[in-house]
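Right, one structure below, let's go through it.
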Amino acid sequence: MSKAAVLLRRFMPSLVPVSGWERLRASCGALIGVLSTGFISTVAVGADASLPLLIAPMGASAVLLFAAPSSPLAQPWSIVGGNVVSATVGVTCALLIPNPVMAAAIAIALAIGVMLLLGCLHPPSGAVALTAVLGGPVIREAGYAFVLSPVAINSLVILTAALIFNNLTGRRYPHLAPAPNPHRTVDPLPSQRLGVVPDDLQAVLAQYGEVVDISPEELDSFIHQAQIRAFTRRSGEITCGEIMSRDVLTVAPETTLRKAWRMLVEHRIQALPVVTEKDGMVGILTQTDFMKHTTLTPDGRLQIGLRERIGNIIGLPAKSPRFVSEIMTTRVQSALPETMVAKLVPPMADMGLHHMPIVDADNRVVGIVTQSDLIAALFQRRLDAVQQVA
């Protein structure tokens, strides 16, 4: 390869490989988004409106919203805030500065500054500011009405289309900030106490000092997943099927709470998968579920839960739960026997899960992995590695 070809290749961006399905999904999303925006704007404003019903910057917004929905530049506040702010700045500059070229340059400069200040940077908004200045006499005469229609209407409609389309096609949108520590303490999550932690990322990004088209949370997630993959290699690819307990006690939804509690106490366990013959696992009953439905009275006695107390207040007869189906947890995380145990570390360490039911392809319980099983397996693997080195 010639030196010129090598040099040209260095100018090509290093993009993450994208599947054919993703290319088709993004293209179809842009088609639906822009069509919806044009149609709804026509209905809302009227086909004979003097202002344009669909402005060109919406095409650039569609690229971000449907082809890069995880980008910080494509989030709801970025598109709505960025477009409205830039339109307002552009209209103001057009009204105050006679020279259109000077007005356009100042409008874009101010729009970028304000968007960065408000945390709503959206690249197509620069074109919105430019359109407000150079869009022609109709837009100039409209003044600040241009901010509402078409800018705000276009932005809200295409954003709504992105919310619906991305989630229906398997792309989470918007990307919200991570949930706080489930234990409601100031300690970082267990998986964030060693290795690369969020504070490290924030420090490096602050030192970098430039706009990065990926959120710190998303970057942290990628690094975390890469660490899990590396840990899986080091741990010898232990599977859940190798370490799970196979003699699992289960209960049915119609099992009485008295019987279920007796099973927990007699076998010194903390959880019972709830199963049916037809659907397999339909929930899990834990000691925590019992505690959620039990409260202490002022004199220290146990009182069955919230339903009874509300009934006492409004004069209804008290009705305490009697069966497993009334208090069990129905949203249960589970894993397959071939799942690598490294993937169990985040939910068990960060989310506080003590038990992970193991199910087969038909959702039948075939085992269960506890925190103790996980710790023992990882410790034994580490001990074996040390002994081999010695």
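Highest mean first, how do 20-30, 74-84, 260-270, 204-214 rank when packing is the count of other Cβ atoms within 10 Å averaged over residues? Numbers along the way, then the final one.
Working: 20-30: 15.0, 74-84: 23.1, 260-270: 13.3, 204-214: 10.1.
Taking the mean over residues of other Cβ atoms within 10 Å, the ranking is 74-84, 20-30, 260-270, 204-214.
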For the stretch 18-168, what relative contact order do you get, as a whole percent, if you take Cα pairs closer than 8 Å and at least 6 residues apart? 34 percent
Quick calc, Ser19 & Gln333: beta-carbon distance into FRET formula, R0 25 Å, rounding 0.05, result 0.40
Loop-located chymotrypsin sites (Phe, Trp or Tyr not before Pro) in the stretch 88-182 whose Cβ has at most 12 other Cβ within 10 Å (DSSP): Tyr144
At 7 Å along the Cα-to-beta-carbon direction for both Val211 and Leu95, put a label point, then send me their distance in nm to one decimal. 2.6 nm
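Let me check I've understood the local charge: for Arg172, count other residues with C-beta under 15 angstrom from its C-beta, Lys and Arg +1, Asp and Glu -1. What total comes out? Display every interim value, and only then the final one.
Values: positive: Arg25, Arg171; negative: Glu22, Glu217, Glu218.
Neighbourhood net charge equals -1.
Read-outs: derived from the displayed coordinates by stated rules, not from any lab. In this text, all values refer to a predicted model and were calculated from it rather than measured experimentally. No Cβ is skipped: glycine too gets one built from the backbone with ideal geometry, and neighbour counts run over all protein chains shown.
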